[in-house]
Every structure is written in C-alpha cells, then in structure tokens.
C-alpha cells in the first residue's frame, strides 16, 4: 500500500521565465530543463513556468537537505491529461527519491493569467 | 566582491527589499528570493565572474546568503 512521503507546491511568474529566456536563452534552457521538456514546453514562457513550478514542487516533496545538490534537469516533467503532471527522475533526483522511499509522484498544475502553480505529492510503499 | 554580488541580486533576485540593506549572512530565500529567481542569479553570477557552477554546487546552501555565494565564487576562482 502506498502512502504520501511528502508534498510540495510552487508558484512561478511567467514574466520571470520570459525575462530569463530573453536574457539567457539557450543557457537558461540547458541549465534548468531536460531536452524532452524543452521539446514539450518551449517556447511558451507560461508553459515553461508550469514546468518549473512542477520541478520545484517535486523537490519540495522530496525535501533535500540544503547541503545536497539536485540539479533541475534531474527532474523531467511532462503534461498529463486534464492538468495532471507526469514526473520522471534521473541522477541525483532519482537517488534522493530512492533514499526517501518514493516510488512515484502525482501532481497537478494550473495557470491563472501569468502565474503558474503546481502541487506534487511523493508516494512510496508504506513501511 | 560583495558589492558586485549585491548588484546582481538587485537585478535578478526579485527581492522586495534593497539587497544593500541585507547582512551578508542574511537568508536570501527568507528575504523573498524565489527558486526561479535563484536561477537568474546563478546565470548572472556565472556571466559576471566567468565561471560555471558545477552540479555539486547547485544547492540551496550555496545561493542562500551573500557570504555563501562569495565563498563559492572564491572556490571556483581557485582562491580558496
């Protein structure tokens, strides 16, 4: 049986994403997003804001120590049906999830004007 | 270096207060820097100081205070 191991929420202003794209372009995309995410969410700042909010929400659900590095591209976010999110972790993100006993995530996102919000619950087998 | 870091924070951290008023040990996230804003701060620091933060430095501890940012930059520059 699964239980919640953590929950995270984040909100991102798409104007900040738009500014980052204009200022940093490919550098910004490469440091934050996976190639799959860029193909799925780019070039819309509002859609990328959803993606980033979901990444941060997932990180918060995993609650890494401040001393631990989890690069943003170690979490891949894809859109699911009806505002849901599909998350897959790699590298340091996957290692952290394993240590936390997290097997999968469920998430949802929304856009209100230029504000993107996402909530993610990390699920794992009940000990 | 602290002044340069404060200028980058002023331009990219989207803080509700003037970074010039922050103590160097003050928590920037608690002061209002969002996670996405920290991305811009990171990229701006890399451009300004000609460095690239390796993956093992991409953690809240590094970008959390002016002191920690300066320490990381000094490490990357080979000063420490």
(request) Within the range A:101-119, track down each residue that is without any contact (Cβ under 8 Å) to a residue 12 or more places away in the chain and part of a strand (DSSP E or B). (result) A:112
(request) Considering only the range B:32-69, state which residues are more than 11 Å from chain A (Cβ to nearest Cβ), touching a helix residue (DSSP H, G or I) at 6+ places or on another chain (Cβ under 6 Å) and not in a helix (DSSP H, G or I). (result) B:51
(message) Residues that are facing chain B (nearest Cβ under 10 Å) and under 15 Å from the mean Cα position of the chain (by Cα), at least 1 per element: which helices (runs of 4 or more DSSP H) completely within the range A:1-65 meet that?
(response) A:14-24, A:26-32, A:45-62
(request) Looking only at the range A:66-85, count how many residues are outside any helix (DSSP H, G or I) and farther than 27 Å from residue A:22 by Cα. (result) 5
(message) I'm told residue B:3 meets every condition in (1) within 12 Å of the chain's Cα centre (by Cα); (2) within 21 Å of residue A:11 (Cβ to Cβ); (3) surrounded by fewer than 13 Cβ atoms within 10 Å (Cβ to Cβ) except one. Can you identify the failing condition by its number?
(response) (2)
(message) Tell me the residue from A:88, A:98 that is surrounded by fewer than 19 Cβ atoms within 10 Å (Cβ to Cβ) and part of a strand (DSSP E or B), please.
(response) A:88
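Residue-wise test of (1) modelled with pLDDT under 95; (2) under 21 Å from residue B:52 (Cβ atoms).
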{"residue": "A:49", "(1), (2)": "no, no"}
{"residue": "A:64", "(1), (2)": "yes, no"}
{"residue": "A:75", "(1), (2)": "no, yes"}
{"residue": "A:84", "(1), (2)": "yes, no"}
{"residue": "A:89", "(1), (2)": "no, no"}
(request) Test residue A:93 against the stated conditions and say whether it is part of a strand (DSSP E or B) and either crowded, with 23+ Cβ neighbours inside 10 Å or touching a helix residue (DSSP H, G or I) at 6+ places or on another chain (Cβ under 9 Å) (or both). (result) no
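The values are calculated or read from the model by the stated rules, or taken from the named source; none is laboratory data. Because the structure is a prediction, the values reported are computed rather than measured. Note that each Cβ is placed from the backbone with ideal geometry, even for glycine, and that neighbours are counted across all protein chains shown.
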